[in-house]
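Contents: one structure, followed by commentary.
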Amino acid sequence: MADSQTLLELKHISKSFPGVKALDDVSFDVRSGEVHALLGENGAGKSTLIKIASGVYQPDGGEIVVGGKAVRFGSPRDAQVHGIATIYQELLLYPELSVAENIFMGHAPRTRLGAVNWPEMRRKAEELLASLNIHDLDVTTKVGRLTVGNRQRVEIAKALSMNARVLIMDEPTAAITEADVERLFEIIRLLKGREVGVVYISHRLHEVFDIGDRVTVLRDGRYIATKAVAETTEDELVNMMVGRTLDTMFPKLETQVGEVVLEVRGLSRGRMVRDVSFQLRAGEIVGMAGLVGSGRSEVAQTIFGLTPPQAGTILMRGREIKIKSPRQAMRYGIAYLPEDRGTQGLIRQMELRHNTSLTVLRDLSRAGFINRQKEMQLAQSTIEKLSIRAYSPLQIVGKLSGGNQQKVVVGKWLATRPRVLIVDEPTRGIDVGAKAEIHRLLSELAQQGLAILMISSELPEILGMSDRILVMREGRLVAEFSRAEATQENVGMAMMGNWTGNGNTLKVQADGAAWQA
């Protein structure tokens with residue numbers, strides 16, 4: 001660490017909202033040249049704490065100290081003046097303005113006559129990006145045309161343009177690719193070398209160990225502990241966050257595996273789905289692993305009819321079926337929970353009851369009118385069965401936590417009484433406690449006889465929850481492991497193309513093709 005100087009201290013902070021004690025005597029600090037991770041479940045108080053540090057909220061009690069002096073932030077602008085910048089999960093940029101305009105919004109360089117000095121602004125924007133080793137962004141490009149990863153880099157440059165000494169990052173990797181995560185970590189390491197202090201909030205514990213120096217845990221609005229990252233473990237952090245150990249995160253229940261429910265033979269669709277064959281049995285959770293771009297999601301979308309197959313056969317309980325649309329897939333008893341629940345799985349502006357009924361409106365309607373009483377009963381039943389934390393079926397679903405939103409998506413599809421449930425990244429962007437609840441729910445559904453295909457980028461999730469594991473690479477199914485065979489090393493090697501299995505496992509050739517051993 002370049003320097004142990006404390007840049008920001010939050011001392012004995014308390015904050016209440018009507019009926020809720022959001023923070024109770026919480027202390028936190030960040031030093032120059034360090035990454036200080038802030039962990040906790042949804043509702044632990046993380047967001048409230050960073051909004052106090054950012055000037056969005058004022059604390060009811062306690063004090064904020066910057067550079068050794070007590071300060072009071074009446075607005076986010078006050079925090080920025082004191083060198084504190086926050087990059088939220090929902091990036092606050094103007095899509096119709098250029099990269100340079102976004103970076104210098106509100107503090108653009110001026111000419112002697114007071115007009116915006118456009119050439120100077122572009123030059124300074126290029127210098128800022130170059131200082132972060134970003135050489136592939138044209139500062140005249142509209143931000144709306146950029147990837148999420150590139151927009152995030154613009155946000156970082158914007159913060160540095162205001163001489164930020166403390167950079168708060170809220171779930172910065174939730175919506176970016178693995179390659180963008182690596183680029184982000186490179187930038188964070190650069191910032192550490194320049195004695196910037198970084199507050200890093202993430203649900204992904206492995207990132208804390210990749211990039212963090214210290215970690216503070218909050219639970220139920222209270223401070224639990226601060227640890228050096230090198231002196232703690234994932235198991236200890238989970239225990240501090242949720243009061244239980246890591247081995248309870250994957251509550252895999254014993255099930256009676258039954259008949260083959262779904263079978264695909266030689267399924268193909270473009271370059272992303274090439275000659276894929278596998279079976280799903282009743283009561284079984286089959287995990288599908290693979291790197292980003294391996295074709296995992298495309299297989300799910302092809303089975304569900306979003307992108308109908310160009311070749312191959314799909315069978316339900318031994319009978320060949322044709323699926324050309326999601327409506328047909330639903331008719332055959334197939335349900336699909338998409339990777340992005342926010343834009344593909346839910347209508348977040350609508351009430352919970354409306355979301356749970358979306359898949360069964362025909363069943364709830366007569367003569368074109370929806371039976372509101374049945375709709376309310378369905379929503380209430382879903383809340384009770386899935387233990388959704390909502391005050392009523394009338395709650396706007398976007399106001400729920402990530403884990404509860406995911407349960408609503410599950411409930412929406414369970415209303416169709418499916419035989420096959422395909423879940424793509426079922427715990428992305430939700431906290432560790434909610435992950436355990438989703439895992440338990442999937443395990444219970446399998447125990448009830450549902451056949452589940454679970455796609456995930458998280459190997460611990462795949463290993464912990466699956467009865468069998470399929471591995472995709474370059475559009476092909478290249479390996480299959482039983483639960484007993486599957487190890488992180490074996491599955492990881494298959495994902496990278498280095499696995500040579502035996503027994504009933506597929507062997508991987510150099511070109512990614514596979515053959516039966």
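Here is how the numbers come out for the structure above:
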| item | result |
| --- | --- |
| Leading residue by the ranking (surrounded by the fewest Cβ atoms within 10 Å (Cβ to Cβ)) among those in the stretch 143-171 that are over 18 Å from PRO95 (Cβ atoms) and acidic (Asp, Glu) | GLU171 |
| Selection status of SER466, in contact (Cβ under 8 Å) with a residue 60 or more places away in the chain and surrounded by fewer than 24 Cβ atoms within 10 Å (Cβ to Cβ) | no |
| Residue count, the stretch 209-244 (criterion: without any contact (Cβ under 8 Å) to a residue 60 or more places away in the chain and in a loop (DSSP other than H, G, I, E, B)) | 3 |
| Candidates ILE438, ILE452, ILE396, filtered to the one that is more than 19 Å from GLY287 (Cβ to Cβ) and in contact (Cβ under 8 Å) with a residue 12 or more places away in the chain | ILE396 |
| So LEU280, is it of a type in the set (A, V, I, L, M) and more than 27 Å from PRO460 (Cα to Cα) | no |
| Test for GLY45: is it modelled with pLDDT under 95 and surrounded by 21 or more Cβ atoms within 10 Å (Cβ to Cβ) | yes |
| Subset of the stretch 76-107 (residues that are of a type in the set (Val, Ile, Thr) and surrounded by fewer than 14 Cβ atoms within 10 Å (Cβ to Cβ)) | none |
| LEU378 being outside any helix (DSSP H, G or I), aliphatic (A, V, I, L, M) and at pLDDT 90 or above | no |
| Residues that are of a type in the set (A, V, I, L, M) and surrounded by 15 or more Cβ atoms within 10 Å (Cβ to Cβ), drawn from the stretch 359-395 | VAL360, LEU364, MET376, LEU378, ALA379, ILE383, LEU386, ILE388, ALA390 |
| Unmet criterion (only one of (1) more than 30 Å from ALA436 (Cβ to Cβ); (2) in contact with a helix residue (DSSP H, G or I) (Cβ under 7 Å, 6 or more places away or on another chain)) for GLY144 | (2) |
| Single residue of VAL471, VAL432 found to be crowded, with 16+ Cβ neighbours inside 10 Å, within 22 Å of the chain's Cα centre (by Cα), at negative phi and at pLDDT below 90 | VAL432 |
| Any hit, the stretch 443-457, residues being surrounded by fewer than 22 Cβ atoms within 10 Å (Cβ to Cβ), of a type in the set (Asp, Glu) and at pLDDT 90 or above | yes |
| Odd one out for ILE87, checked against (1) within 17 Å of LEU167 (Cβ to Cβ); (2) out of contact with any helix residue (DSSP H, G or I) (no Cβ under 9 Å at 6 or more places or on another chain); (3) modelled with pLDDT under 95 | (2) |
| Sole residue being over 23 Å from SER27 (Cβ atoms), surrounded by 16 or more Cβ atoms within 10 Å (Cβ to Cβ) and touching a His at 6+ places or on another chain (Cβ under 9 Å), chosen from GLU234, GLU207 | GLU234 |
| All positions within the stretch 165-220 that are more than 19 Å from the chain's Cα centre (by Cα) and modelled with pLDDT under 90 | ARG219, ASP220 |
| Conditions (1) at pLDDT 90 or above; (2) assigned to a loop (DSSP other than H, G, I, E, B); number of the one not met by ALA125 | (2) |
| Residue within the stretch 466-475 that is touching a Gly at 6+ places or on another chain (Cβ under 6 Å) and of a type in the set (S, T, N, Q) present | yes |
| Only one of SER387, SER357, SER294 that is of a type in the set (Gly, Ala, Ser), touching a helix residue (DSSP H, G or I) at 6+ places or on another chain (Cβ under 8 Å) and assigned by TED's automatic domain parsing to the domain that holds ASP275 | SER294 |
| Flag for LEU253 being at negative phi and either modelled with pLDDT of 95 or more or in a strand (DSSP E or B) (or both) | no |
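The values are calculated or read from the model by the stated rules, or taken from the named source; none is laboratory data. Just so it is clear, the model here is predicted, and its values are computed rather than measured. Backbone-built Cβ (ideal geometry, glycine too); neighbour counts: all protein chains shown.
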